[in-house]
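Take a look at the structure below.
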Amino acid sequence: MTAPLSGVGRPAPAAGPVHTGRLRRWAAEVGLGARLALTGGREGLLRTALTAIGVGLGVAVLLLSVSVPAMLDARSSRTAARDDDRYGSDKITPGDTTVLTLNIGTSYHGRSVRGRLVRPDGAHPVLPPGVRSLPAPGTMLVSPALRDLLASRDGALLRDRMPGTVGGTIGKAGLSGPNELVYYAVRGDLAFGQPQVQRIDGYGSHSPHEPLDPFLLMLVIVIFVVLLMPVAMFVAAATRFGGEQRDRRLAAVRLVGADGGMTRRIAAGEAVVSATLGLLVGGVVFLVGRPFVEFFEVAQLSVYGTDLRPPLPLLALLIVSVPLAALAMSLVALRRVVVEPLGVVRRATARTHRRLWWRLLTPVAGGALLAPLTGSRGDFNQWQAVAGVSLVLLGVALLLPWVFDRIVGRLGGGGALSWQMAVRRLQLSGGSSVRAVGAIAVAAAGTIALQMLFSAADATYTRDAHLDPGRAQSYTVVKVSALATATDSGALDAKLRTGGVTSVNTFRRDSAHFGASGFATMWIGDCAVLRELAELDRCADGDVFVFEHPDLAELPGQTVVMGDSDPDTERPHTEWTVPATARPAKALPGPYGDVTGVLVTTGAAPPAEPAPTFVSYVHLAPGDEDAPERLLNAAMAISPTMDVTIQRSQVRDSTFASIRRGLFAGAAVTLLLVGLSLLVGTLEQLRERRRTLAALVAFGARRSTMGWSILWQTLVPVVLGLVLAAALGLGLGALLLATVNVPFHADVSGIAIVSGIAAGVVLLVTTASLPALWRLMRPDGLRFE
Amino acid sequence: MMLSAVELTKSFGSTQALSGASMSIAAGEIVAVMGPSGSGKSTLLHCLAGIIRPDAGQVLYRDQELSAMSDGQRSALRRGEFGFVFQFGQLVPELTCLENVALPLRLDGHRRKDAQRRAAEWLDRLEITDVAGKRPGEVSGGQGQRVAVARALVTGARVVFADEPTGALDSLNGERVMRLFTDAARTSGAAVVLVTHEARVAAYADREIVVRDGKALDLARHA
Amino acid sequence: MSIGQAFLGLLESQPRHGYDLKRAYDERFGSDRPLAYGQVYSTLSRLLKHGLVTVDGVEPGEGPDRKRYAITPAGVADVEQWLQQPEKPEPYLQNTLYTKVVLALLTGRPAAELLDTQRAEHLRLMRELTRRKTGGDLADQLICDHALFHLEADLRWLELTAARLTELAGKVRG
Ligand SMILES: Nc1ncnc2c1ncn2[C@@H]1O[C@H](COP(=O)(O)OP(=O)(O)O)[C@@H](O)[C@H]1O
Ligand SMILES: [Mg+2]
């Protein structure tokens, strides 16, 4: 009736007000959704809280991850600012501000300790960052971590090695991280020309920034993609927590007259509100959790909480993209269901066959991006690598639903009843579990690929010290100088023989040149000492032996020039003739590996240079943990420049071991997050089925049957995901290995560990949903009036 | 008497659902339980079937006392001797109709082949062979209830408990379900406890019991 | 229902003898009570008198059975009009039952028991009709259902009244 009237009697309303009217109505609808999210009763609040916490956890992990590069930057700019390594290249004249420095870094129970001895040339010496004035003689400046260590019982042995008492602490500017052990002390008798002593006129790196090893670069890239993709997927899944209930609520809204568009806008309002709450939660968790990173140390790398600053562009991206993702997710999800006034109808997706080709497109494209990089051991385009790895991993998530449809669709209803129910359930509505498992599969595929890179790294970076436990495990090297308190082998032997040392053999080491470019190390000592290095059938003072080596075969009878070719050493050119009677000798394995050169008994030796170098082979009592520390203390007492090498039976680069541990920890956290979304899905499904469950109780169903059915229902998608992940992970790993030129090598232990973690998650999810199942398997569900 | 309830009381919180209800049913007998909604019909049925325990009183099935049994024993009894039909069928949505009918047999430990063969026979008896491969969501309400009836009878149950089995159906479909249901129950000699508030549905029974305020009255005996 | 109109309808399909007419009627409509012969012939003579039927032919022999009746155009018009005319809906007032309840309340007799007894009786009849229905053909079913729905309506009234008995008692006595 109003239509003809408005056409005749009243002027048509202007376009503007209609428009703003609609906008206002839309805004009101979105606002209604937002209110529903916040005031929708206990259930609604629970759902909003669940989403907010889920999104928040994911966001906190994302914030932490995107802060890592900035954190590393801050750290390396601080370490660069205190760098004093000049490699003897600068000739600096002494002045009011110059200082002499000596690196006396050591290690204590496997932790490295950075130490410097300093002597100012004038009254106004340059100071390292974090230091206001040089320590008084007899005292030292230490990092807070070192101060605490020295004060503790654990630091007792280290105290003896320190050049003084604690006189102050070093500020944050001079430390790489809160757990770093650093000290500075002043020593008056430091002089230029003493071994390793340098003169500097300022701190700060002079050498250009070294680019990261491509292998390490690849590792870092893959770690980021592998751990962040599932977290992002988790965030997406978290925005759909409680979706079923939400759909029912929308149905109720439709019943009172909302149309399709209105329900979409209401849903959008709800999604954006809970995602925004999630962002807030994530921000709070990040800020509150940040100081706690100082308690963790990975690969001797500790981090200041304040160094964790997400870069602004990424932060802005996160803040914008999380609500948008939530919005998109909820709208996409709404397209799959028809919200009718009287309920929710799920669109039968089973009818529309999932297509394979476009799902294959992404992993193939990823492979195509990575393939050209193979063999380029050197530099490669990082973005190409990131894109390639991401596409392959995304492929895992995209292929999984297809594989799932194919395989689960084929499974018959045979076998046990619990199995039949699980299979049928998955066939009818496996969508949500596939989505959650997609994240597991991505994490697993990435972890497997990474694990392959790591075992390659292990092979490259772990050297077996083919050590004979009966032989020396340690050796020390010292060049005699004014700083040394022992100047001959006897005195060295005596000083090195500390508790836990079972024997010490000290040689004088010299070097000799012959011919155009011939070079030989000379090992000088008595017969007993020389037997430490080689199998000698008979030996008397005055004998000379030449190790079996093609380069040295011509040596007996030749005249050699003593000393290194270093022009700096002011040493008269001493010549010495290797006796023609020198006999061949076979090297014994030592801590050095096999030595080579010429063995000379003291009687036949050329005269020693003014500042000779002594090498001592030290046997330590096996099993005495403190023996190496005492040896280090003795060495420091002999000379701050004394070099000590202590062999362990296997030399593993501890960085890799801990990165590897970190990777598995990260994978476990990621899988736990994914497990959380699986759990939420299962619980929702259970609640939705309370009537069916109650009817099953009436029919006398056992709890165990239903429990097993939940287990199968969780296990089947996870197993499928893992199989797919293993296949693509191995492929990706092979490509990555080829990129860094390492031969293919499938790592079974990695797959086993990842599968183990995933199995744990499945068990956890099942166990956690059992109480709810027991609770719902009660006759209450039979009430419907 | 095959199954009897003696002086049952049951309350949920402050709601007294049953207050001294007694009734009994002979083998092969069909008894309608009528009464206004909220009067305690379903509660009585749940007690009789051993799904919930009454606060006081006894339920005797073939001289065994149900409330003295453990949960496991009662479940086993329900699996083997009882069958159920509910208002909305309560079919398991992900299983096909045939699998739904075979479900109680499988719960009772029968092999799948055997269970499905017997289920197919029952679908045939209830004139719904064509829905065997469909899921409950794909069949009409009347067909679904007939699947539920087949499911209740497939184990050779001695007692079938039906709670408003036609409550969600129109008259025509309700009549049809009731005719097939009572025919099938009589042929297989099962007793039926039929909870309903519709007189026309109750008229399919042999006698009726009226529940009022938690008490069961046998009006015919009065008369 | 008017027997006259039923006869006219039956005759419209074909002319019949009086005896045939009674049999056809009993078969279709008279499930419980067969018509008495006297009623058949008095009805037929009334129809003859009004010119709605004629005697189509007489067979040799004796007795009223020998006449064959056929419908006249006036008779056809009458059937037509009868079918087109809606029946006046007659609310089935529970006169007797209502009276009984009120009297019981007035005299302090147990009205609830009265209602329960009636209820049991109603259901007994319903059970019987249901049994007959399940054994019978479609016509039986339709007729039984008609009765069942009416009985069900009565039963509802009985239930409702039972639920409102106290209220009613207050009204009646006060
Ligand atoms: N699990 C339960 N928790 C609380 N109250 C219940 C429960 N089951 C039944 N009741 C209450 O007990 C009374 C009887 O319920 P019920 O047996 O379902 O009646 P009917 O089936 O006759 O409609 C009702 O008031 C109902 O609300
Ligand atoms: Mg009920």
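Below are the figures for this structure:
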| read-out | value |
| --- | --- |
| Charge dipole (debye, nearest 20) of the protein assembly as shown; +1 at Cβ of Lys and Arg, -1 at Cβ of Asp and Glu | 4620 debye |
| Listing of the range B:198-220 residues, each with accessible area lower by at least 30 Å² in the full protein assembly than in the chain alone (probe 1.4 Å) | B:A199, B:R200, B:A203, B:Y204, B:E208, B:R212, B:L219 |
| Within chain B, helix-based [θ] at 222 nm, where runs of 4 or more DSSP H residues each add -39,500 (n - 2.57), nearest 500 | -11000 deg cm²/dmol |
| Under 5 Å, built H, 5+ apart or other chain: amide partners of A:D624 | none |
| Positive-end extreme of charge dipole, the protein assembly as shown - chosen from B:G35, C:T43, B:A148 (charges on Cβ) | C:T43 |
| Residue-wise HN-Hα coupling along the range A:114-123, computed from phi with Karplus coefficients 6.51, -1.76, 1.60 (Hz; x: Gly, Pro) | 8, x, 9, 9, 10, 9, x, 7, x, 8 |
| Karplus (6.51, -1.76, 1.60) ³J(HN,Hα), θ = phi - 60°, over the range A:169-178, in Hz, Gly and Pro reported as x | 10, 8, x, 4, 4, x, 10, 7, x, x |
| Two-decimal Rg/Rh across the range C:3-84, once Rg and the Kirkwood Rh are taken from alpha-carbon atoms | 0.95 |
| Surface share of carbon and sulfur [accessible, 1.4 angstrom probe, percent] for the range B:1-151 | 47 percent |
| The range A:474-646, accessible surface, carbon-and-sulfur percent (1.4 angstrom probe) | 51 percent |
| Sequence of A:S152, A:S517 when ordered by accessible area, the most exposed leading, probe 1.4 angstrom | A:S517, A:S152 |
| log10 of Debye I(q)/I(0), alpha-carbon scatterers only, for the range C:96-173 at 0.12 Å⁻¹ | -0.42 |
| Kirkwood Rh in Å, taken over the range A:676-761 so that all alpha-carbon pairs contribute | 15.9 Å |
| For C:T72, distant residues with modelled amide H under 5 Å away | C:V53, C:T54 |
| Kirkwood estimate for the range C:1-44, i.e. one over the average of 1/r between Cα atoms, Å | 10.3 Å |
| A:H745/A:V669 FRET efficiency (R0 35 Å; Cβ-Cβ; nearest 0.05) | 0.80 |
| Long-range amide H partners of B:V33 with built H, under 5 Å | B:L194, B:V195, B:T196, B:I209 |
| For the range A:474-646: accessible area per residue (Å², 1.4 Å) | 44 Å² |
| The range A:97-144: Rg to Rh, with Rh as the Kirkwood radius over Cα pairs | 1.00 |
| Chain C - mean residue ellipticity at 222 nm from DSSP helices (-39,500 (n - 2.57) per run, n ≥ 4, rounded to 500) | -22500 deg cm²/dmol |
| C-alpha long axis of helix C:73-84 to longest principal axis of chain C, angle in ° | 20 degrees |
| Dipole of the protein assembly as shown, positive end: most advanced residue of A:V293, C:A162, B:G50 [Cβ charges, Cα centre] | C:A162 |
| The range A:231-240 - phi-based ³J(HN,Hα) in whole Hz, Karplus 6.51/-1.76/1.60, Gly and Pro as x | 5, 4, 5, 5, 4, 4, 5, 5, 5, 9 |
| Above-threshold pairs, the threshold being 28 Å between Cα atoms, out of A:K495/A:K586; C:K22/C:K100; C:K22/C:K49; B:K215/C:K100; A:K91/A:K479 | A:K495/A:K586; C:K22/C:K100 |
| Label-point separation, A:A727 to B:S140 (7 Å along Cα→Cβ), nm | 4.6 nm |
| Probe 1.4 Å, protein heavy atoms only - accessible area per residue of the range C:3-84 in square angstrom | 60 Å² |
| Rounded percent of accessible protein surface that carbon and sulfur make up, the range C:96-173, 1.4 Å probe | 59 percent |
| Residues C:E80 and C:H146, FRET efficiency given R0 of 22 Å [Cβ-Cβ distance, rounded to 0.05] | 0.35 |
| Probe 1.4 Å, protein heavy atoms only - accessible area per residue of the range A:99-200 in square angstrom | 41 Å² |
| Disulfide-incompatible cysteines by the Cβ rule (no partner under 4.7 Å) in the protein assembly as shown | B:C47, B:C97, C:C144 |
| Mean shadow area of the protein assembly as shown over all directions, Cα convex hull, nm² | 78.7 nm² |
| Normalised contact order of chain B, rounded percent, pairs of Cα under 8 Å and 6 or more residues apart | 31 percent |
| Rule-of-thumb Rg ratio for the range A:116-187 [Cα; 2.2 N^0.38 Å; N residues] | 1.08 |
| Per principal axis, descending, Cα span of the range A:474-646 in whole Å | 46, 38, 25 |
| Relative pair counts by distance (%), Cα atoms of chain C, 10 Å bins | 8, 25, 22, 19, 15, 8, 2, 0 |
| Estimated buried accessible area (total), pair A and B, 1.4 Å, Å² to nearest 100 | 2700 Å² |
| Chain pair C, B: total accessible area buried, heavy atoms, 1.4 Å probe, Å² | 1500 Å² |
| Convex hull of Cα atoms in the range B:3-222, direction-averaged projection (nm²) | 11.7 nm² |
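The values are calculated or read from the model by the stated rules, or taken from the named source; none is laboratory data. Quantities reported herein were computed from a predicted structural model and do not represent experimental measurements. Cβ atoms come from the backbone with ideal geometry, glycine included; neighbour counts cover every protein chain shown. SASA here: full protein model, heavy atoms, side chains in, ligands and nucleic acids out. Shrake-Rupley method; radii C 1.70, N 1.55, O 1.52, S 1.80 Å.
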